[in-house]
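Below you'll find the structure, written out as C-alpha cells, and then a few comments.
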Amino acid sequence: MQIVILPTADDVAAYGAELYIKQLTNKPDSVLGLATGSTPLALYRLLIQACQQQRLSFARAKTFNLDEYLGLAGDHPQSYRFFMQQHLFDAIDILPANTAVPDGNATDPFKACQQYEQQITDAGGIDLQLLGLGRNGHIGFNEPSSGLRSRTRVKTLTPATIADNARFFQPGEYQPHLSITMGIGTILDARKVLLLATGANKADAVQAMIEGPLTAACPASALQFHQQAIVVLDEDAAAKLADIEFYRHIERENQALLNRLSGH
C-alpha cells in the first residue's frame, strides 16, 4: 500500500486527477472504476478541465461505477447515475454506452448484480478503480461485516451510512436503505486502486484501514492485500496515523528512486 500525505484536499484531488490522466494517456481504451460522494468531485472537475483542454480523451474509455441506491431510477436526482451525469459524463467526450452504473431500478436486482459482474469481466477488468472512504471504513457500499471476497451484490446500509447520506434527501423524501455495490473481491480485482480521503472526520477510518488488523469490521482494510493500492490523504485525514513520519519518509525515498531511474 502506497501512502501519500498531502497538505490539502485540493492537493489530493490534483494528485488523483494526474493518475487518471496518466492512465488514459498510456492506455486510451482503459477501463476505469469510478465513485460518487463529495470526495471525488474536485477530481472530476479537474478531469473535465483537462478534457476540455484536450489533455486527455475518454472517447475510447469504459467506466464502471462502484454502487447505486436500490429503488432509485437513473433519472432520480439522488441516484448515483444522475450524480455521474451531472458531475462528469455530460461534460466529457465519453460514449454514453460506455458508462456503466448498477441498475438501481432493476426488476430482478440479484440478476442485475450478476450481469454487472459479467460486464466488468467482459470489458477485461478494471484498470484503475477510484474509492472514497466511509467514516465506518466502508468502500463502495461494503459496510462493516462485508465479506472480504464478496462480489457485486445487494447490500443493506448501516444506520450510520443512512444518517450520513440523509442530508442529500428532502425531509419526508424516500431514502433507500439498500444498495447494489461492487463487492470487496470485485474491487480487489482491479489492477490498480486509488483511495482518496480528506478531512478530520475520516481520520479514525484511515488509521483502521492502514494500521489496524485486516478485518471485516473495517472493509477498507482489505486494501492491505492489494499490490497496487495508492492511498492519498490530506493532513487532517492522516492525523491519527501512528507512523505518519515513516510513511512520509517512504514516499520521499520512493520519489527519489523514481527520479533517479527517469534521469531527473
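The numbers here are math on the coordinates, done by the rules we state, and not lab data. In this text, all values refer to a predicted model and were calculated from it rather than measured experimentally. Quick reminder, even Gly has a Cβ in these numbers, built from the backbone with ideal geometry, and neighbours come from all protein chains shown.
The table below lists the values:
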| item | result |
| --- | --- |
| Computed Rg/Rh of region 166-264, alpha carbon atoms with Kirkwood Rh | 1.08 |
| Cα gyration tensor shape of region 79-135, rounded if a/c is under 1.5, else prolate or oblate by comparing a/b with b/c | rounded |
| Under Karplus coefficients 6.51, -1.76 and 1.60, residue-wise ³J(HN,Hα) of region 15-31 in Hz, glycine/proline x | 4, x, 4, 5, 5, 5, 4, 4, 4, 6, 5, 6, 9, x, 9, 4, 9 |
| Ratio of the Cα radius of gyration of the chain to 2.2 N^0.38 Å, where N counts its residues | 0.97 |
| Phi-based couplings in Hz for region 240-255 (Karplus 6.51, -1.76, 1.60; Gly and Pro marked x) | 9, 6, 5, 10, 4, 5, 5, 5, 5, 4, 4, 5, 4, 5, 5, 5 |
| Potential extension, Asp93-Gln78 segment - 0.36 nm per residue separation minus Cα distance | 3.0 nm |
| Cross-link pairs Lys111/Lys202; Lys22/Lys111; Lys155/Lys192; Lys111/Lys240; Lys62/Lys240 - those with Cα-Cα distance over 32 Å | Lys111/Lys202; Lys22/Lys111; Lys111/Lys240; Lys62/Lys240 |
| Taking all pairs of distinct alpha-carbon atoms in region 15-72, Kirkwood radius in angstrom | 12.2 |
| Cβ-defined net charge surrounding Gly183, 9 Å radius [Lys, Arg +1; Asp, Glu -1] | +3 |
| Relative contact order of region 94-236, pairs being alpha-carbon contacts under 8 Å that are 6 or more residues apart, as % | 29 |
| Footprinting exposure proxy for Ser262, Ser30, Ser179, Ser38 (fewest neighbouring C-beta atoms within 10 Å first) | Ser262, Ser38, Ser30, Ser179 |
